[in-house]
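Right, one structure below, let's go through it.
Bear in mind that the values in this text are calculations on the coordinates, not laboratory data. As the structure is a computational prediction, the values presented were derived from the model and not from experiment. Please note: Cβ atoms are built from the backbone with ideal geometry, for glycine as well, and neighbour counts cover all protein chains shown.
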Amino acid sequence: MEGDEYMSKIPNEDDAKNAVETLVRYIEKNGGELREGLIDTPKRVIDSFEELYNGYSQDADALLDATFNAEGYDGIVLLKDIEFHSTCEHHMLPFTGSAHVAYIPVEKIVGISKLARLVELHSMRLQNQERITNSIADDLERVLKPLGCGVIIEAKHGCMQCRGVKKQNSVMATSSMRGVFFDKSEARMELLQLINSPRKI
């Protein structure tokens, strides 16, 4: 198969399983039969990919389509401590953490579960933390057209924990502030106070 034709072909499930088997053989330095514990590993890995990367099959506009009248509410709406799991696109190692997602409505609000699902949609892809943070803010800004929105993500990265510098306790924080949260320091401070307030529930 010519190079350009090969690159334009979307691999099917068998191609993916063969690729995983090649990697397993590379890791094990094995050109013979796979040992018993590895025989079904390619299938198990590909099956797990269907769940780990199902963010590619979801659409943010469809997810946020079901909105409600804000009925004059003009305060901060915040869903904090949304746990997530993602995969670093550089080393294909996991990174996990919490997201805090907020907005100030003008006319529309959205069900709180949609905010958690929006985090999942973007995290369940090959990603970097900065892109997840910006993408969530982009979607909220585009669909809800709020007075402002803010996204803060804190995560630990496997590519730093189990390889390279091997730092176990370092936490990476990213933020994207839009509208009033970017323009007004008092709005930003109120948001940060809400995020950092003690959990009394």
Item to complete: Give, rounded to the nearest 20 debye, the magnitude of the charge dipole that the chain has about its Cα centre when Lys and Arg contribute +1 at Cβ and Asp and Glu contribute -1 at Cβ.
Response: 980
Worksheet, complete the sentence: Here the alpha-carbon Rg of the chain over 2.2 N^0.38 Å rounds to 1.26
Worksheet item: For the range 67-98, list residues with backbone N below 14 Å from a point placed 7 Å from the Cα of K108 toward its Cβ?
Response: 67-71
Worksheet item: For the peptides 120-130, 28-38, what is the packing order when you average, over each peptide's residues, the other Cβ atoms within 10 Å and list the highest mean first?
Response: 120-130, 28-38
Discussion item. Counting only other residues whose beta carbon sits under 15 Å from that of K184, what net charge do I get with K and R as +1, D and E as -1?
Written reply: -2
Worksheet item: Mind ordering 174-185, 66-77, 135-146, 93-104 by average Cβ neighbours within 10 Å, highest first?
Response: 93-104, 135-146, 174-185, 66-77
Fill in: Unit charges at the beta carbon, dipole of the chain: most positive-side option, Q129, L64, Q161
Q161
Discussion item. Rounding to the nearest 10 and keeping the result within 0 to 90°, find how far the Cα-based axis of helix 41-52 lies from the longest principal axis of the chain.
Written reply: 10
Practice prompt. Across the range 67-196, how many lysine pairs, 8 or more positions apart or on different chains, have C-alpha atoms separated by under 22 Å? Please give the number.
Written response: 11
Discussion item. For G179, what residues show an amide H to amide H distance below 5 Å, using hydrogens built from the backbone and excluding near sequence neighbours?
Written reply: C149
